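Below: one structure, written as structure tokens.
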Amino acid sequence: MPDNRLPETDFSLDDIPANPPVHHAEQALLGALLLDPYRLKTIGPLGPEHFASAGHRALFAAMAALAPPAPALHAKKPVWITSVLDHAHPHARGLTTAYLHTLVSACPEPAHAAAYARMVRADHARRTVLVHAELLIQATTDPSLPDPAALTLRRADALASLFDDLAASVPSHPGSLPRTQPPHPQSRAADPDVASEEQLLLSTATARPAALPSMRWLRPEDFALPLHGALYRCLTALAFRGEPVDAVTVLWEAQQHGLLTQAFAPKDVLELLAAPAGPPEHWGEQILLRSLLHHAHTAGLHIRAYAQDPANSTHQVITGGRRALADLTAVRVRWQHATSPPPTGPPRTRPAPASRAGPPAPRTASARSSR
């Protein structure tokens, strides 16, 4: 008869992960407020949502909702602890009188309550940034989204607004950068559709070069494959110089740029440029969209790495996060330019500026008579 019993596993107290420093900061703060409830007015802006522990959130909400007892009564009887526990217990059933006494013993010095509150706010800021970074990463990798660019940019705006709000409440430290090494950017060439779309752009732009001047929003660095980006640079260079653009001229330009090798022979260039399909603008937008999502994904990974490292201060997370989002801004501007509808009305004409050179125009008789 087979033995279906699960293998025995030995567990010990050492297997339980240690509480993070913020847990002890929360305990010290709540202990200080249990010992001296009148310090609630001295700890600065703080709400239950700033606490990581659900039990601690319930206790602080009770403290904020209740009126502290008279100092003389508080010195004689534990009415404050009893009131806080009774108010918080319906929201956190695991709370006991013994745990509230543990909080009191966990407070080294009630006078340091404001410092403990700053620690709680700092860790809440780091956790909030981490959540927003995860949402940004998710928006860039979800294939089911009908408009991934719009959602991605909204998530990026939410992060930027969060950094602005945090910066208003955090003292600045000029030159303070995150200590965390950001992760290396991921390769974009794994998807087979990437190479296909980039080849279609190159071939259609070669067949219809008249579209190139209006596609200045697309850059060689937007291409996932560096070779395709280099070929697009050859195309735009020919168009900028006003020279003829076709497969042969692009091949010659590729030779001038040192792109031809044994692995990428002239016939490979000609074959790559020989299958145009559709308008170049369409394929250009697809490439720019992938570039936008890639930059947003990279920014999200960097911000997540900064927020996951507790060694970084709140200001360091803000500084590193803003720099990561700044790399996305340039691609975002070009995406908005590529996808914005063209102006419907005629272009506005500006009056010609008056010449500053030469003597002033003489006054006419009509001008003198009008004066």
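The values are calculated or read from the model by the stated rules, or taken from the named source; none is laboratory data. The structure displayed is predicted, hence computed values, not measured ones. Every residue, glycine as well, gets a Cβ built from its backbone with ideal geometry; the counts of neighbours run over all protein chains shown. Heads up: the accessible areas ignore ligands, DNA and RNA and are worked out on the full protein's heavy atoms, side chains in. Shrake-Rupley method; radii C 1.70, N 1.55, O 1.52, S 1.80 Å.
Averaged per residue, what accessible area in Å² does the range 180-338 show with a 1.4 Å probe, protein chains only?
Accessible area per residue: 49 Å².
What is the projected area of the convex hull of the Cα atoms of the range 79-187, averaged over all directions, in nm²?
On the way: hull surface 49.0 nm².
Its average projected convex-hull area is 12.3 nm².
In vacuo Debye scattering of the chain, one point per C-alpha: log10 I(q)/I(0) at q = 0.06, 0.11, 0.14 Å⁻¹? Result of the Debye calculation: -0.46, -0.90, -1.15. Longest stretch of the chain clear of exposed loop sites (chymotrypsin sites (Phe, Trp or Tyr not before Pro), DSSP loop, at most 15 other Cβ atoms within 10 Å, sites excluded): 12-263. GNM remark for the chain: springs join alpha carbons under 10 Å apart, and the peak mean-square fluctuation among Ala274, Ala114, Ala98 falls on Ala98.
When the chain is treated as a Gaussian network with alpha carbon springs shorter than 10 Å, the biggest mean-square fluctuation among Gln286, Gln199, Gln336 belongs to Gln336.
What net charge do the residues around Arg57 carry, taking every other residue with its C-beta under 12 Å from that of Arg57, with Lys and Arg at +1 and Asp and Glu at -1?
Values: positive: none; negative: Glu26, Glu49.
With Lys, Arg at +1 and Asp, Glu at -1, the net is -2.
Taking the three principal axes of the alpha carbon atoms in the range 137-206, the coordinate ranges are 54, 28, 23 Å, sorted in descending order. Scanning the chain for DSSP H helices at least 24 Å long along the axis (C-alpha atoms) with a Kyte-Doolittle mean no lower than -0.5 picks out 113-141, 148-169, 280-308, 314-339. Computing FRET efficiency as 1/(1 + (r/R0)^6) for Ala168 and Thr339, where r is the C-beta to C-beta distance and R0 is 30 Å, gives about 0.35. When a 1.4 Å probe is rolled over the protein heavy atoms, the share of accessible surface on the chain that falls to carbon and sulfur comes to 58 percent.
Taking the Cα centre of the chain as origin, work out the dipole magnitude from +1 charges on Lys and Arg Cβ and -1 charges on Asp and Glu Cβ, in debye rounded to 20. Kindly include the intermediate steps, with their values, before the conclusion.
Working: 33 positive and 32 negative charges, 497 e Å.
Dipole about the Cα centre, nearest 20: 2380 debye.
Convex hull volume per residue, computed on the Cα atoms of the range 189-277, equals 91 Å³. Springs join every pair of Cα atoms under 10 Å in this Gaussian network model of the chain, and among Thr339, Thr140, Thr180 the largest mean-square fluctuation is at Thr339.
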